[in-house]
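Here is the structure we will look at, set down as structure tokens.
Every number in this text was worked out from the coordinates using simple rules, so none of it is lab data. Because the structure is a prediction, the values reported are computed rather than measured. Counting neighbours? That spans all protein chains shown, and the Cβs are built from the backbone with ideal geometry, glycine included.
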Amino acid sequence: VSHRLPACFFVTVVYNCWALRRAEIIIDLESGKVQKSEKYNNPKNITNTTKNIQELDFSNAKKLHFPITSEDVKKLEFGDIVLLSGKIYTGRDTLHHAVVEEKLELPIDISGSAIYHCGPIMKQNENGEWYAYSAGPTTSIREEPYQADFIEKTGIKAVIGKGNMGDKTLAALRKNNAVYLHAIGGAATIYAKSITKVSSVHFLEKFGMPEAMWELEIADFPVRVSMI
């Protein structure tokens, strides 16, 4: 199994799982001399494009409040922009593998809700309450071996992630009247602002923070319908 930590690679070109945070150098192939580029190394040349969700225009967006039904899904069309609210659950590689391959039983009923392919960075306030510091989508295709069975077993109505999935997942979505919703890569802090409350967490000690199943209450969480 290959790791996915960019810091472990001495040269990384268009590393798609991460937001664009980079520096640039120029290497002379004949002399080997290294010259820094001012384009990315000078903070003045980096434009801050972060906006609050409230500043973006979603006037034509549809709205979904979880839990949802098959009838709610049938009202969606490919390409729709949707603002989500209600309760969703995070789940990455470890959770999907455990549920499908190891027959792990979830401690709660998540039918009608959504699984979010996300490994959030969580912090605790002075009262010990969890809150999301960063909560962007991870690449969904890694869950392709498990997603169809996960949908069948849990009864979820939506999968939220990045980059779409394969034919097996698409067939399961259509069979179960569910939908895949594409979230914006590199917008982890923006999505964290759409999380109004971290209700609970499951398997934190067993799986660790990014792989645990977090219960998230969300509002105006922007996505696009990309598989239905």
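May I ask you to sort LEU95, LEU104, LEU29 by Cβ crowding, counting other Cβ atoms within 10 Å and putting the fewest first?
Ranking LEU95, LEU104, LEU29 by Cβ neighbours within 10 Å, fewest first, gives LEU29, LEU104, LEU95.
Along each of the three principal axes of the Cα atoms of the stretch 125-178, give the extent in whole Å, ordering the values from largest to smallest.
Extents along the principal axes: 46, 22, 16 Å.
Over all directions, what mean area does the Cα convex hull of the stretch 53-227 project, stated in square nanometres?
The directionally averaged projection comes out at 9.4 nm².
Looking at this model, which pairs from LYS63/LYS206; LYS75/LYS206; LYS74/LYS206; LYS74/LYS197 are more than 30 angstrom apart at the alpha-carbon?
LYS63/LYS206; LYS75/LYS206; LYS74/LYS206
Subtract the Cα-Cα distance of GLU71 and TYR133 from 0.36 nm times their separation in residues, and report this length gain in nm to one decimal.
Separation in residues times 0.36 nm, less the Cα-Cα distance, equals 18.9 nm.
Radius of gyration and Dmax for the stretch 155-228's Cα atoms, expressed in Å?
13.8, 35
What does the extension gain come out to for PHE78 and GLU152, with contour length at 0.36 nm per residue minus their alpha carbon separation?
24.4 nm
Determine, for each peptide in 168-181, 81-94, the mean count of other beta carbons within 10 angstrom over its residues, then list the peptides with the highest first.
Values: 168-181: 18.1, 81-94: 21.1.
Result, highest mean first: 81-94, 168-181.
With a 10 Å Cβ neighbour count serving as the proxy for reagent exposure, in which order, fewest first, do HIS117, HIS97 appear?
In order of increasing Cβ crowding within 10 Å: HIS97, HIS117.
How large is ³J(HN,Hα) for each residue in the stretch 191-208, as worked out from phi by the Karplus curve 6.51 cos²θ - 1.76 cosθ + 1.60 (θ = phi - 60°), to whole Hz, x for Gly and Pro?
Karplus-based 3J(HN,Hα) across the stretch 191-208 equals 5, 4, 6, 8, 8, 7, 7, 9, 6, 6, 9, 10, 6, 5, 5, 6, 9, x Hz.
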